[in-house]
Amino acid sequence: MDTDVITPQQVELTSQEIKDTKDVEMKSDKPEFAPLKASEMNAGKKEFRRILIPPHRMTPLKNNWLKIYTPLVQHMKLQVKMNLKKKAVELKTSKYTEDLGAIQKGHDFVRAFALGFEVEDAIALLRLDDLYIDTFEIKDVKTLHGDHLSRAIGRIAGKNGKTKFAIENASRTRIVVADTKIHVLGSFQNIRIAKNAISSLIMGSPPGKVYSHLRNVSSRIRERF
């Protein structure tokens, strides 16, 4: 009686077919659901945020309202309102909001503008996830009063803002000097570089020495990337 001879290749092929069949069956058994929207993840409740705007930033807010309003509505899918009575910007999620972190990004964006950053700089907070704002005061570095405090602020800004621009370009950050408070926008590492340079100026280091240190740091960063 003749018997069919099964080669090792046929056995391997048959095993693969069985495995593929099982995979198909397992996939067909698993239910497939569409991804949840941000509003659905929060049990259908809408999130609400109110960002207070300082009085001196209300006029810039009105002048730049279209630039602020457009990305929040079109890209973040948020509901936005300028509350003139309370001098605030109000954000709310809607049924069209897709990103769970959209309202937090929107909050950071509006807050950055309220602190004094330009719209073009603050909008990076909507596009990138590794950016944030760090705020500190001159007295956190060194307690200064009167003319000493004024000179420290002058050293940070420099003539026509030259020193501040040099720190921004070298550290890839954006800096706002608001009286004795300093706001720095950037990534964690870049903020640390900028803060070290600003702290050196507050402590009395000459700008030339700070420039030299910044050049060395920025060259190391370029070599690393």
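The values are calculated or read from the model by the stated rules, or taken from the named source; none is laboratory data. Note that this is a predicted model, so its numbers are computed, not measured. Virtual Cβ from ideal backbone geometry, glycine too; neighbours counted across all protein chains shown. Calculation scope for accessible area: heavy atoms of the full protein, side chains included, ligands and nucleic acids excluded. Shrake-Rupley method; radii C 1.70, N 1.55, O 1.52, S 1.80 Å.
Observations
- Residue match in region 158-173 (condition: free of Cβ contacts under 8 Å to residues at least 24 places away in the same chain, open to solvent by less than 50 Å² (accessible area, probe 1.4 Å) and either in the same structural domain as Val73 (by the TED database) or touching a Leu at 6+ places or on another chain (Cβ under 8 Å) (or both)): yes
- For region 95-115, the condition of being at pLDDT below 95, in contact with a Phe, Trp or Tyr (Cβ under 6 Å, 6 or more places away or on another chain) and not assigned by the TED database to the domain that holds Ala194 holds for none of the residues.
- Pairs where the first residue, in region 185-201, is touching a residue at least 60 places away in the same chain (Cβ under 8 Å) and the second is acidic (Asp, Glu) and open to solvent by 10 Å² or more (accessible area, probe 1.4 Å), C-beta under 6 Å, 6+ apart: none
- Filter result (open to solvent by 20 Å² or more (accessible area, probe 1.4 Å), assigned to a strand (DSSP E or B) and modelled with pLDDT of 90 or more) within region 177-188: Val177, Lys181
- Only a single item in (1) under 29 Å from Lys105 (Cα atoms); (2) open to solvent by less than 40 Å² (accessible area, probe 1.4 Å) is not met by Leu214, and it is number (1).
- Whenever a residue of region 115-134 is over 15 Å from Ile51 (Cα atoms) and touching a residue at least 24 places away in the same chain (Cβ under 8 Å), its partners that are part of a loop (DSSP other than H, G, I, E, B) and hydrophobic (A, V, I, L, M, F, W, C), lying with C-beta atoms within less than 7 angstrom and at least six residues away or across chains, give the pairs Ala124/Leu131; Leu125/Leu131; Leu126/Met76.
- Residues of region 100-131 satisfying the condition of being acidic (Asp, Glu), under 12 Å from the mean Cα position of the chain (by Cα) and assigned to a loop (DSSP other than H, G, I, E, B): Asp129, Asp130
- Cβ pairs under 7 Å, 6+ apart, first in region 59-82 and assigned to a loop (DSSP other than H, G, I, E, B), second of a type outside the set (A, V, I, L, M): Met76/Asp99; Met76/Lys105; Met76/Gly106; Lys77/Ser94; Lys77/Tyr96; Lys77/Thr97; Lys77/Glu98
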